[in-house]
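Below is one structure, written out as structure tokens, with a few remarks after it.
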Amino acid sequence: MRVFLKQSILSLLSRLGILDYIHNKNRHKITVLTLHGVMEKHGQSLWEPLRPQLQQSELESTLKVMSKHYNFITTEQCIGMLEGKVPVIEHALLLTFDDGYRNTIDYALPICEKFGIKPLLFIATGHIDSGKPFWFDRLDYALQQNMGSIISIEHEGVDYTFDATTRETLKVCYQQFRDDCKKSFNDDIKMNHLFNGLSRKLEIRSGKALSDISHDDDWSSTAPWFLLREVVKKNRIDVASHTVDHWRLNSLTEEQILFQLQQSKIRIEKELGIKCDYFCYPNGNYNTLAINLVKKSGYIAAFSTDAGLCDKHDDLMTLKRLHFPLNKTVKEIFYQFNR
Ligand SMILES: [Zn+2]
């Protein structure tokens, strides 16, 4: 019923020309989109994460729709336009990929290139250095190796249960667990400790760990430095910082924030031979201290997950982004981007 109502409203707005009007009204603003991993299950897939993944076919079909109504720009053009240093490109759109998954380069980049897109990739340098998967992927895999019943694990005196009767029940349960953790922990180092503690116990139970397969796992592996060097050298992608450990900056002390900002910048500049001018807040979280330290660390601009379009007078330290639309029509995309 809700879907039907939404479609009816969209049809009406479209017939009245309102969607075209707002799309045109915002032509001088910049749309920055957020994506993560891009992958679909294939013959060699050893597992499949519980969280939804964007498939290559979905990426391609949506880019095809957007290419008719938007002009894809680079990060340099985006910041230059916001600073008023380069002429405005109407209906400008920038694609950003968070977290530095290798599948961004292997699967998403070739599709982006079909549309002349040079995206911006945000990497957490500690994960690139260690080759270790993210803690949320580690626990996801560990839970899935213990499917079939209610999983109960004790960690530091607290019992945690996950309904792993079916993939669907586990999916709901794991999402809830992650949301609850984000809310209840104001210290990401402690949250990390819990995820890793639970994972370790489950890995002992099943005898299987994501780190055993992550080096050639398309879902969870991060892009190694040599691959990043190759694509940066060929001018196919821009790379910027997403901290060292992917910890939320508003959960850290001043010293810890500075380490995350400066160390990741140093690693990127040393390994890739580029200037690391841009930053992306993990989970979109920031506070005044974090903003000041981003500036102090020498970054020119920082991207958040606050929803909206970017405009010339916006604060470069908290640039807005929007989620990449999934299986949407032009009408739906105009509506989603211009609300
Ligand atoms: Zn992230």
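Of note:
- When residues of the stretch 192-205 are limited to those that are in contact (Cβ under 8 Å) with a residue 12 or more places away in the chain and under 25 Å from the mean Cα position of the chain (by Cα), the one surrounded by the most Cβ atoms within 10 Å (Cβ to Cβ): Ser199
- Residues in the stretch 60-74 that are in contact (Cβ under 8 Å) with a residue 60 or more places away in the chain and under 16 Å from Leu322 (Cβ atoms): Thr62, Val65, Met66, His69.
- Close pairs from the stretch 152-163: first in contact (Cβ under 8 Å) with a residue 60 or more places away in the chain and more than 12 Å from Leu194 (Cβ to Cβ), partner surrounded by 14 or more Cβ atoms within 10 Å (Cβ to Cβ) and of a type in the set (Asp, Glu), Cβ under 9 Å, at least 6 apart: none
- With respect to the stated conditions, Leu121 fails to be under 17 Å from the mean Cα position of the chain (by Cα), closer than 20 Å to Ala240 by Cα, in contact (Cβ under 8 Å) with a residue 40 or more places away in the chain and away from the ligand (no atom under 16 Å from the Cβ).
- Subset of the stretch 41-55 [in contact with a strand residue (DSSP E or B) (Cβ under 9 Å, 6 or more places away or on another chain) and among the basic types (Lys, Arg)]: none
- Condition broken by Ser304, with the remaining ones in (1) over 17 Å from Leu82 (Cα atoms); (2) among the polar types (S, T, N, Q); (3) touching a Ser or Thr at 6+ places or on another chain (Cβ under 6 Å) satisfied: (1)
- One residue stands out among those in the stretch 250-285 that are touching a helix residue (DSSP H, G or I) at 6+ places or on another chain (Cβ under 9 Å) and within 12 Å of the ligand (Cβ to nearest atom): the one that is nearest to Thr75 (Cα to Cα), which is Phe279.
- The one condition in (1) in the same structural domain as Tyr107 (by TED's automatic domain parsing); (2) under 19 Å from the mean Cα position of the chain (by Cα) that Lys182 fails to fulfil: (1)
- Residue count for the stretch 95-108, restricted to those that are more than 14 Å from the ligand (Cβ to nearest atom) and touching a Pro at 6+ places or on another chain (Cβ under 7 Å): 1.
- Conditions (1) within 16 Å of the ligand (Cβ to nearest atom); (2) surrounded by fewer than 18 Cβ atoms within 10 Å (Cβ to Cβ); (3) of a type in the set (Ser, Thr, Tyr); number of the one not met by Thr288: (1)
- Every pair of residues 6+ apart whose Cβ atoms lie under 8 Å, when the first sits in the stretch 282-293 and is in the same structural domain as His36 (by TED's automatic domain parsing) while the second is within 16 Å of the ligand (Cβ to nearest atom) and of a type in the set (Lys, Arg): Pro282/Arg248; Asn283/Lys182; Asn283/Arg248; Asn285/Arg248
- Check on Gly126, farther than 25 Å from Asp315 by Cβ, touching a residue at least 24 places away in the same chain (Cβ under 8 Å) and within 15 Å of the ligand (Cβ to nearest atom): yes
- Residue list for the stretch 291-321, filter: within 16 Å of the chain's Cα centre (by Cα), of a type in the set (A, V, I, L, M, F, W, C) and buried (at least 20 other Cβ atoms within 10 Å of the Cβ): Ala302, Phe303, Leu319
- Test: residue in the stretch 6-25 that is away from the ligand (no atom under 16 Å from the Cβ), touching a residue at least 60 places away in the same chain (Cβ under 8 Å) and in contact with a strand residue (DSSP E or B) (Cβ under 6 Å, 6 or more places away or on another chain): no
- Ala92 surrounded by 14 or more Cβ atoms within 10 Å (Cβ to Cβ), within 29 Å of Val65 (Cα to Cα) and over 19 Å from the mean Cα position of the chain (by Cα): yes
- Test: residue in the stretch 223-238 that is among the polar types (S, T, N, Q) and under 30 Å from Pro49 (Cα atoms): no
- Those helices (runs of 4 or more DSSP H) of the stretch 198-276 in which 1 or more residues are of a type in the set (Gly, Ala, Ser) occupy 210-213, 254-272.
The values are calculated or read from the model by the stated rules, or taken from the named source; none is laboratory data. If you're wondering where the values come from, they're calculated on a predicted model, not measured in any experiment. Note: ideal-geometry Cβ built from the backbone for every residue, glycine included; neighbour counts use all protein chains shown.
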